[in-house]
Amino acid sequence: MNTVRIGSYQLENNVIVAPMAGITDRPFRQLCRRLGAGLAVSEMLSSNPKVWKTEKSMNRMDHSGESGIRAVQIAGADPELMAQAAQFNVANGAQIIDINMGCPAKKVNKKLAGSALLQFPELVEEIVDAVVNAVDIPVTLKIRTGWDQDNRNGVEIARIAERYGIASLAVHGRTRACMYKGEAEYDTIRDIKRSVSIPVVANGDITSPEKAKQVLDYTGADAIMIGRAAQGRPWIFREIDHYLRTGEHLQPPAISEVRSILMEHLDNLHAFYGEPMGARIARKHVSWYLQTHDSDGQFRRVFNALDNPQAQVDALKQYFKTLAAN
């Protein structure tokens, strides 16, 4: 299987980390890359320059020491501001700019950004044109299949994207109206792939190596993008990559490896955010990692009450010691 090219960049494989607000920060991106992702896209940054200097945005823009291709997602509805945001992020080290037209969140959509834009193809055209012309690096686009079941205009948007110079297109197999409910459909992604010649990335409900292969075979997409399935399971990237290349399953990580991955992630979150933020953000990640082991949620309740980084580290060490003894 040929790996994907995005502009001048050749990805190491065809398995990409989806941008997720509040999740794909630098510690998580680095971990996913180390565990087999070919590309990790940063969480969405607002195109509103007023928020660029806030702590939240500064953290989201932090790529220092990051390995691999730095892909940064921007969101907004004003073509000029989007162009400026693209330039600002390029000056800050971005190597690929990704435009968000896929986020279904109400607070993003009420500002007419994210997937709300799919209702207005003319505005999509203006934004894509402005951003592509503002920077000399590849610009990618992430969309949904359409606005709602009756308005699946993904093919029309894909053609606009190709016409205005988008280097690669990621498509989530749901409409804006679906949010994350029901099941993703891949027919529209297949139609999109057949109607454009730029790389198409399939996204939505890809939770296993078999599903990844099935979606690639069915849609003809060039790559897949994994979002929620990587939460607490960042090794899913190497599992999928291995399966796509060999048709064989990798052994799931031993509990000792899960422990070392989790402890590394925890240390990196504490170091990246400092106190008290690091400990707070660590809670959701730890909760995802331990879903299968701590099925009654007893340990997670205890862990979620801890707001000191060292106390979190000690509690986890003790938890894994107990787990190993059982």
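The values are calculated or read from the model by the stated rules, or taken from the named source; none is laboratory data. None of the values given here were measured: they were computed from a predicted structure. All Cβ positions, glycine included, derive from the backbone under ideal geometry; neighbour counts span all protein chains shown. Just so you know, the surface numbers come from the protein's heavy atoms only, side chains and all, with ligands and any DNA or RNA stripped out. Shrake-Rupley method; radii C 1.70, N 1.55, O 1.52, S 1.80 Å.
Odds and ends about this structure:
- Selection of the stretch 104-158 for residues being of a type in the set (D, E, K, R) and at pLDDT 90 or above yields E122, E125, E126, D129, D136, K142, R144, R152, E156.
Residues are listed down the side, and each one gets a yes or a no for (1) open to solvent by 30 Å² or more (accessible area, probe 1.4 Å); (2) under 26 Å from G154 (Cα atoms):
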| position | (1), (2) |
| --- | --- |
| G204 | no, yes |
| Q214 | yes, yes |
| Y218 | yes, yes |
| A221 | no, yes |
| R228 | yes, yes |
| F237 | no, no |
| H242 | yes, no |
| G247 | yes, no |
| H265 | no, no |
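- Looking only at the stretch 277-307, and only at residues there that are polar (S, T, N, Q) and surrounded by 12 or more Cβ atoms within 10 Å (Cβ to Cβ), the one that is farthest from the chain's Cα centre (by Cα): N304
Results for (1) of a type in the set (S, T, N, Q); (2) open to solvent by less than 30 Å² (accessible area, probe 1.4 Å); (3) at pLDDT 90 or above, shown as yes or no for each residue.
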| site | (1), (2), (3) |
| --- | --- |
| N13 | yes, yes, yes |
| F28 | no, yes, yes |
| A40 | no, yes, yes |
| P49 | no, no, no |
| A83 | no, yes, yes |
| F88 | no, no, yes |
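- Test result for Q251, out of contact with any Ser or Thr (no Cβ under 8 Å at 6 or more places or on another chain) and under 26 Å from S295 (Cβ atoms): yes
- Flag for G65 being more than 20 Å from V200 (Cα to Cα), touching a residue at least 12 places away in the same chain (Cβ under 8 Å), open to solvent by 10 Å² or more (accessible area, probe 1.4 Å) and not assigned by the TED database to the domain that holds G278: no
Let's see how each residue does on (1) closer than 16 Å to L35 by Cα; (2) touching a helix residue (DSSP H, G or I) at 6+ places or on another chain (Cβ under 6 Å):
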site	(1), (2)
I206	no, yes
M225	yes, no
D241	yes, no
G247	no, no
P253	yes, no
S256	yes, no
I261	yes, no
A279	no, yes
R283	no, yes
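- Residue within the stretch 311-323 that is in contact with a helix residue (DSSP H, G or I) (Cβ under 6 Å, 6 or more places away or on another chain), open to solvent by less than 70 Å² (accessible area, probe 1.4 Å) and closer than 30 Å to A202 by Cα present: no
- Boolean, S57 is without any contact (Cβ under 8 Å) to a residue 60 or more places away in the chain, under 27 Å from M179 (Cβ atoms), assigned by the TED database to the domain that holds V132 and small (G, A, S): yes
- Every pair of residues 6+ apart whose Cβ atoms lie under 6 Å, when the first sits in the stretch 313-326 and is within 12 Å of M263 (Cα to Cα) while the second is open to solvent by 80 Å² or more (accessible area, probe 1.4 Å) and assigned to a helix (DSSP H, G or I): F320/R259
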